[in-house]
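The values are calculated or read from the model by the stated rules, or taken from the named source; none is laboratory data. Bear in mind the structure is a predicted one, so any value in this text is a computation, not a measurement. Cβ sites come from the backbone with ideal geometry, for glycine too, and all protein chains shown count toward neighbours.
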Amino acid sequence: MRKPVVLITGAGGEIGHGLIARLAAAGDKPIITLDLSPLDPDISRHVLREFTGSILDTGLLERILAEFEIDTVFHLAALLSTRSEFTPTTAHQVNVEGTLQLLEFSQREAESHGRTVTFLYPSSIAAYGLPDLETKAAAGRVREDDYNLPTTMYGCNKLYCEQLGRYYAKHYKQLAAEPQAGRVDFRCVRFPGLISALTVPSGGTSDYAPEMIHAAAQGEPYACFVRPDTRIPFMAMPDGVEALLTLAAAPRARLTRSAYNLGAFNPSADEVRAEVLRAFPDAAITWVTDVKRQGIVDSWPADVDDTAARRDWGFAPRYDFERAFHEYLIPTIRARYGR
Ligand code: AKB
């Protein structure tokens, strides 16, 4: 009998790095991956089988389906918010059609083995759209169902795929004569900006915080593209990875929502700069606002209400702002760049 495996799409990205390391350390299930580019050797050594290709390649998905019994999918592949604004139709293809393919793939996998496939989906604070700074200031900690009017293609894609996942989990082929032999158990988190000490993000709009830290650690100047008072929620990558794993393992009966807000700390860009300067006093960080990217970040909430995640499945980030910098980011980054 084939052993169930975990499939990770977009495995070579920021979240994939940490997730593969954690899953491999737990050693519960073999990991297979799908990414457009070959994986870094430091993560590929943890993987049973690495597929290089697109989530839109149905032939490739068929091959994976035929060869492996998949019981959990972490669907991480996506084009982020800034990148998506330059190529909105490609973003829609990857972010929406790609997710639809993966949901359909998981449904078929569930039916052919007569059981549930757990599907983990990272959505984003980009699913929100606050109309102006006054509303943003007054809104405070935004709840999942409020201000769902995203202004970006990426945000629209994420919000719609949250609904698509809920459809597959609860209403898939609701008019069929017979019930389906298996189903997709869709579970989704809305991530804030994620900050990793190991990888520099690309194509996002919350990237100013991680870019500032990595530039300072490498002794490079950095011109921050948002105003000093800009405030959105962030999270240290290990807490993001832990959240995905905790949600994946949570008893289904405890989950009252399909998409959960997650927050950890929400410094202003100026507070991030001050913390970076404490660690790297010579850092040259200036402000050169990109008005258009600023508009995107201004439409995202200053903070999120993550009560449901804490209550339903015990979400509890280890790193607040202080600990994220002094126990995770700065020491790991120093070791990485030898400074
Ligand atoms: C982005 O900036 O696009 C992402 C996100 C907030 O989802 N980091």
Check your understanding: Only one of I213, I195 is within 25 Å of T9 (Cα to Cα) and in contact with a helix residue (DSSP H, G or I) (Cβ under 6 Å, 6 or more places away or on another chain); which?
Key -> I195
Check your understanding: For D28, are the conditions met, namely being loosely packed, with under 15 Cβ neighbours inside 10 Å, in a loop (DSSP other than H, G, I, E, B) and modelled with pLDDT under 95?
Key -> yes
Revision key, fill the gap. If we ask which residues in region 258-292 are crowded, with 19+ Cβ neighbours inside 10 Å and either outside any loop (DSSP other than H, G, I, E, B) or among the acidic types (D, E) (or both), their number turns out to be 10
Practice item. Count, please, the residues in region 142-169 that happen to be among the aromatic types (F, W, Y), in a helix (DSSP H, G or I) and either within 12 Å of the ligand (Cβ to nearest atom) or over 15 Å from S81 (Cα atoms) (or both). Key: 3
**Study point:** Checklist (1) of a type in the set (A, V, I, L, M, F, W, C); (2) surrounded by fewer than 22 Cβ atoms within 10 Å (Cβ to Cβ); (3) in contact with a Ser or Thr (Cβ under 9 Å, 6 or more places away or on another chain) applied to A66, failing item
**Key:** (3)
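Looking only at residues in region 202-231 that are within 17 Å of the chain's Cα centre (by Cα) and buried (at least 19 other Cβ atoms within 10 Å of the Cβ), which one is nearest to Y168 (Cα to Cα)?
G204
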Point to revise | The lone exception for F325 - which of (1) out of contact with any Asp or Glu (no Cβ under 7 Å at 6 or more places or on another chain); (2) of a type outside the set (K, R); (3) over 27 Å from K29 (Cα atoms) it fails | key: (1)
Review point. Does at least one position in region 206-220 carry a residue that is in contact with a strand residue (DSSP E or B) (Cβ under 9 Å, 6 or more places away or on another chain), touching a residue at least 24 places away in the same chain (Cβ under 8 Å) and more than 16 Å from the ligand (Cβ to nearest atom)?
Key: yes
Point to revise | Residue in region 175-186 that is crowded, with 22+ Cβ neighbours inside 10 Å and in a loop (DSSP other than H, G, I, E, B) present | key: no
**Study point:** Filter result for V184 (away from the ligand (no atom under 11 Å from the Cβ), among the hydrophobic types (A, V, I, L, M, F, W, C) and farther than 16 Å from L262 by Cβ)
**Key:** yes
Check your understanding: Is there a residue being out of contact with any His (no Cβ under 8 Å at 6 or more places or on another chain), assigned to a loop (DSSP other than H, G, I, E, B) and closer than 29 Å to L164 by Cα anywhere in region 234-245?
Key -> no
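Restricted to region 112-141, and to residues that are among the hydrophobic types (A, V, I, L, M, F, W, C) and away from the ligand (no atom under 16 Å from the Cβ), which residue is surrounded by the fewest Cβ atoms within 10 Å (Cβ to Cβ)?
Checking each candidate, the answer is A138.
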Check your understanding: Out of all the residues in region 241-256, which are farther than 14 Å from F191 by Cβ and charged (D, E, K, R)?
Key -> R252, R254
